[in-house]
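Undergrad: Handing you a structure now.
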Amino acid sequence: MYASASVERMTHPGSPYPHLLMPLELGGVRLRNRVLMGSMHTGLEDGRDLRPLAAFFRERAQGGVGLIVTGGIAPNIAGWAKPFAGTLATQAAAKRHQVVTRTVHEAGGHIAMQILHTGRYAYHPLAVAPTRLRSPISPFTPFELSARGVERQIRAFVRCAVLAREAGYDGVEIMGSEGYFINQFISAATNHRQDAWGGDYSHRMRLPVEIVQRTREAVGPDFILIYRLSMIDLVPGGSRWDEVLTLGKAVSTAGASIINTGIGWHEARIPTIATSVPRAAFAWLTARLKRAFTEEGIRTPVVASNRINTPEVAERLLAEGAADMVSMARPLLADAQFVVKAAQGRAQDINTCIACNQACLDHVFQNRRAGCLVNPRACHETELVVRPALRSKRIAVVGAGPAGITAATWAAERGHRVHLFDRETTIGGQLNMARRIPGKEEFDEMLRYLGRRIQATGVQLQLGREVQPDDLADFDEVVVATGVRPRDPRIPGQEHAKVLSYIDVLRRDAPVGPRVAVIGAGGIGFDVAEFLSHAGPSTALDLAAWQREWGVGDPAQTAGGLRSEGPQPHTPAREVFLLQRREGKLGAGLGKTTGWIHRTALKMKRVQMIGGVNYERIEDRGVLISHGPQREDPRWIDCDHVVICAGQEPLRNLADALMAQGRPVQVIGGARQAGELDAKRAIDEAARWALSI
Ligand code: FAD
Ligand code: NAP
Ligand code: SF4
């Protein structure tokens, strides 16, 4: 770990990121650089004991972050996201927060607390909103606020900010975007009021302006007040650009120190942070706001946000003048040392967020503590502590997939002498297939990082080596991380030449004809269907193409920034049928926050998804399917190829042979259990093992 002061010392004149590492005066404090750690709910905010939250932030402050923003804290019970969500409404609660602020300040950092009132997004029966309209993402219909009720909410915001100041925070962020309470007042679609808080735009925007103005009066001038402004709502009836700009100027005048960017309401059907969204996809809006501010002599700085995950992208935005600060949230879960590594010119050593949402957002939506797929220590700092081993052992790890590499590098970091073997000529195991899926290019970053870790920790890597039990005689510990093999679905006719496995398609580049049936609709079946139906370069690498595909327009032209012509996807490369035996929605087991994106993407490519099928047989013309226990409605899916994605089984021959010899062996990742396996579990399991020896 590095002390905060050292971040500035390490920023030599030849730094590759001079704009990113430039200090910024804000709200009476000097931020050491332009990195704002965006608000992220982790689950650590909700308990009474905030020490684990403090430990989480300590590492980010030590890692050099300029300004940390906490996850959303409710100003009152009505504003809770869910029952008993973190709230700051009393002095006793403010006292509890002091451990967080003290810890961050001791580590040389600065921290603001986000005030989040969820309005009709609340998942509890006490929800309130401008108008009694249920949101599509909560089962609870909110109470409509009276004028006195609105006043009570404003006072709750102000009281919360004052208490945050008493708790030692350097500022607050007023959450005005993402479709939450304040946003609900701003939009005519969710605000049908005819009193002083509804009607034309000047009335609908009154709530945020009043909140900012009264907060500023209450906290005084030397306190950071961030206003999170929705730059593009991505919902029907959302704000137009002139309204966004008017509000931006009004909150600046009312006392905001800095304006952060919010993108898309939570109910929007356009992805805004998933891995298939191009990097910095929405920074053009922040740049437009900054330009308008500059032209009008408004000096309030602005922050760019969403899918900014490398120092290169952040530096480019700042150098181009698109923003004054850059917000990164998940990238700082993935690597607490992001800023220090950038400052030291070690960007290649940054553990890059791949925007998968698997352990952060998906966990939070399942009421679980957040984590990070690529960094199991995130939000588990007090639990997963890397300490030197008591005795240095000679360890063999077989299999250089994510499980094997993590086990090897974490063990080596603790002082063990580790040899890592793989029969392939590249590291990464199945990640080499994941990276080939259009929209999953970020897996390249994961492979780069894992490769660097092998070098940095001194693990002895031997590729192209199929390990046999006798090769492992001289080791104190043997770890088998040999992964999986495809499940044999035993479908009559599966030996036919037109039958391929996902490995043939993704690793061996087997030619595939224009009509394809994919058997199995789990994560891999969906990915293979995307791979086969996608035409042309990945839209994750082409912003204009991605915007066309999803119907993202310009709020200066259409309300909410939705294109009037709607999504305009490419003509698919192939006709694809995606099949599963289970009845019901395909992809039900995909990520909680990303499954809908995969399903929508395939629908846009006209992939035909058929559930509840029996596979009768495969022949020259294709695959014969039927439905139900009575095998009704048999019909042929005529196709050139059938790709089997019917799940996986542990590859255990090495582990079984060693066990048969009575040799102690640790089996991890897919080799231990293939069901419910993903890279998140493989890495987490490996890290925990490495800390245990
Ligand atoms: P593997 O990655 O399978 O690695 C095992 C390694 O062991 C291989 O490199 C193999 O060559 C080696 N090996 C086997 N036997 C021997 C031997 N005898 N000697 C030497 N070496 C040996 N997961 C996610 O979390 N998110 C995703 O988005 C995602 N997308 C995916 C997309 C695709 C197309 C695929 C195929 C998988 C995806 N996964 C995803 C799953 C994820 O890649 C796996 O869960 C993970 O790689 C399992 O890790 P592992 O280390 O246990 O095994
Ligand atoms: P999976 O998610 O378990 O899906 C297997 C599919 O095969 C299911 O659709 C299943 O549905 C079908 N199937 C199972 N047994 C079958 C049989 N005997 N005959 C025919 N079909 C059968 O596994 P996967 O797709 O192989 O993925 C492996 C792992 O990688 C998963 O755990 C997944 O989490 C991970 N992964 C994750 C992502 C991601 O984006 N997060 C992407 C890719 C992979 P039916 O039984 O209903 O037919
Ligand atoms: Fe990023 Fe995935 Fe980690 Fe979330 S779980 S921080 S999206 S790498």
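The values are calculated or read from the model by the stated rules, or taken from the named source; none is laboratory data. It should be emphasised that the depicted structure is a prediction, and the values quoted were computed from it without experimental measurement. Cβ: placed from backbone, ideal geometry, glycine included. Neighbour counts: every protein chain shown. These accessible areas exclude ligands, DNA and RNA; they are computed on the full protein's heavy atoms, side chains included. Shrake-Rupley method; radii C 1.70, N 1.55, O 1.52, S 1.80 Å.
Undergrad: Scan the stretch 306-317 residue by residue and report those that are surrounded by fewer than 21 Cβ atoms within 10 Å (Cβ to Cβ) and closer than 18 Å to Leu289 by Cα.
TA: Arg316
Undergrad: I've got another one for you. Does the stretch 329-340 contain at least one residue that is closer than 30 Å to Arg436 by Cβ, touching a residue at least 60 places away in the same chain (Cβ under 8 Å), buried (at least 22 other Cβ atoms within 10 Å of the Cβ) and within 16 Å of ligand 1 (Cβ to nearest atom)?
TA: Yes, the stretch 329-340 contains a residue that is closer than 30 Å to Arg436 by Cβ, touching a residue at least 60 places away in the same chain (Cβ under 8 Å), buried (at least 22 other Cβ atoms within 10 Å of the Cβ) and within 16 Å of ligand 1 (Cβ to nearest atom).
Undergrad: On to the next question. Tell me which residues, restricted to the stretch 492-532, are more than 20 Å from Ala601 (Cβ to Cβ), within 11 Å of ligand 1 (Cβ to nearest atom) and open to solvent by 40 Å² or more (accessible area, probe 1.4 Å).
TA: Arg507
Undergrad: For the stretch 450-489, please list each of the strands (runs of 3 or more DSSP E) lying entirely inside it that holds at least 2 residues being away from ligand 2 (no atom under 16 Å from the Cβ).
TA: It comes to 460-462, 477-480.
Undergrad: Also: With the requirement that a residue be open to solvent by 10 Å² or more (accessible area, probe 1.4 Å), in contact (Cβ under 8 Å) with a residue 60 or more places away in the chain and assigned to a loop (DSSP other than H, G, I, E, B), what does the stretch 23-73 give you?
TA: Gly27, Gly28, Arg32, Arg34, Ser39, Met40, His41, Gly43, Leu44
Undergrad: Looking only at residues in the stretch 406-447 that are touching a strand residue (DSSP E or B) at 6+ places or on another chain (Cβ under 6 Å) and among the small types (Gly, Ala, Ser), which one is nearest to ligand 1 (Cβ to nearest atom)?
TA: Only one residue fits best here, namely Ala407.
Undergrad: Consider Glu178 carefully, then state whether it is farther than 26 Å from Trp241 by Cα and either crowded, with 22+ Cβ neighbours inside 10 Å or modelled with pLDDT of 95 or more (or both).
TA: On the way: farther than 26 Å from Trp241 by Cα: no; either crowded, with 22+ Cβ neighbours inside 10 Å or modelled with pLDDT of 95 or more (or both): yes.
No; evaluated as a whole, the condition is false for this residue.
Undergrad: While we're on this one: Applying the selection to the stretch 190-229, what residues are open to solvent by less than 50 Å² (accessible area, probe 1.4 Å), closer than 27 Å to Met37 by Cβ and not in a helix (DSSP H, G or I)?
TA: Gly220, Phe223, Ile224, Leu225, Ile226, Tyr227, Arg228, Leu229
Okay, residues lined up against (1) within 16 Å of ligand 3 (Cβ to nearest atom); (2) in a helix (DSSP H, G or I):
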position	(1), (2)
Val386	no, no
Arg391	no, no
Thr409	no, yes
Ile427	no, no
Gly439	yes, no
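Residue-by-condition table, conditions (1) among the charged types (D, E, K, R); (2) under 19 Å from Phe57 (Cα atoms):
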{"position": "Ala319", "(1), (2)": "no, no"}
{"position": "Asp324", "(1), (2)": "yes, no"}
{"position": "Asp335", "(1), (2)": "yes, yes"}
{"position": "Ile350", "(1), (2)": "no, yes"}
{"position": "Arg387", "(1), (2)": "yes, no"}
{"position": "Ser392", "(1), (2)": "no, no"}
{"position": "Gly399", "(1), (2)": "no, no"}
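Undergrad: Would you confirm whether any residue within the stretch 562-576 is open to solvent by 10 Å² or more (accessible area, probe 1.4 Å), part of a loop (DSSP other than H, G, I, E, B), under 28 Å from Arg635 (Cβ atoms) and without any contact (Cβ under 8 Å) to a residue 12 or more places away in the chain?
TA: The answer is no, given that none of the residues of the stretch 562-576 is open to solvent by 10 Å² or more (accessible area, probe 1.4 Å), part of a loop (DSSP other than H, G, I, E, B), under 28 Å from Arg635 (Cβ atoms) and without any contact (Cβ under 8 Å) to a residue 12 or more places away in the chain.
Undergrad: Further question on the same structure: Provide a single number: the residues in the stretch 414-425 that are over 13 Å from Ile693 (Cα atoms) and either open to solvent by less than 10 Å² (accessible area, probe 1.4 Å) or within 16 Å of ligand 2 (Cβ to nearest atom) (or both). Steps first, please.
TA: As a first pass, look at the stretch 414-425 and keep what is over 13 Å from Ile693 (Cα atoms): 419-425.
From what's left, either open to solvent by less than 10 Å² (accessible area, probe 1.4 Å) or within 16 Å of ligand 2 (Cβ to nearest atom) (or both): 420-421.
Here the count works out to 2.
Undergrad: Restricting to the stretch 645-692, give me the number of residues that are touching a residue at least 60 places away in the same chain (Cβ under 8 Å), assigned to a loop (DSSP other than H, G, I, E, B), among the charged types (D, E, K, R) and away from ligand 3 (no atom under 16 Å from the Cβ).
TA: 2
Undergrad: Which one of Ala389, Ala407, Ala411 is surrounded by fewer than 24 Cβ atoms within 10 Å (Cβ to Cβ), over 16 Å from Val484 (Cα atoms), away from ligand 2 (no atom under 16 Å from the Cβ) and outside the structural domain of Val528 (by TED's automatic domain parsing)?
TA: Exactly one residue qualifies, and that residue is Ala389.
Undergrad: Looking at the stretch 440-458 only, could you name the residues that are hydrophobic (A, V, I, L, M, F, W, C), touching a residue at least 60 places away in the same chain (Cβ under 8 Å) and over 26 Å from Val528 (Cβ atoms)? Show your work before the answer.
TA: Looking only at the stretch 440-458, we keep the residues that are hydrophobic (A, V, I, L, M, F, W, C), and these are 443, 446-447, 450, 454, 456.
Narrowing further to those that are touching a residue at least 60 places away in the same chain (Cβ under 8 Å): 443, 446, 456.
Result: Ala456, single match.
Undergrad: Okay, next question. Please identify the pairs in which a residue from the stretch 633-644 that is assigned to a strand (DSSP E or B) has its Cβ atom under 8 Å from the Cβ atom of a residue that is surrounded by 13 or more Cβ atoms within 10 Å (Cβ to Cβ) and of a type in the set (Phe, Trp, Tyr), counting only partners at least 6 apart or on another chain.
TA: What qualifies is Ile637/Phe577; Val643/Tyr502; Ile644/Tyr502.
Undergrad: Right, Arg346: open to solvent by 30 Å² or more (accessible area, probe 1.4 Å) and not assigned by TED's automatic domain parsing to the domain that holds Asn33 or not?
TA: Spelling it out, it is not the case that Arg346 is open to solvent by 30 Å² or more (accessible area, probe 1.4 Å) and not assigned by TED's automatic domain parsing to the domain that holds Asn33.
Undergrad: Quick one: is Ala112 in contact with a Lys or Arg (Cβ under 9 Å, 6 or more places away or on another chain), assigned by TED's automatic domain parsing to the domain that holds Ile68 and in contact (Cβ under 8 Å) with a residue 12 or more places away in the chain?
TA: Here the answer is no, as Ala112 does not meet what is asked.
Undergrad: Where residues in the stretch 365-385 are open to solvent by less than 30 Å² (accessible area, probe 1.4 Å) and farther than 19 Å from Ala411 by Cα, which of them is farthest from ligand 2 (Cβ to nearest atom)?
TA: That would be Cys379.
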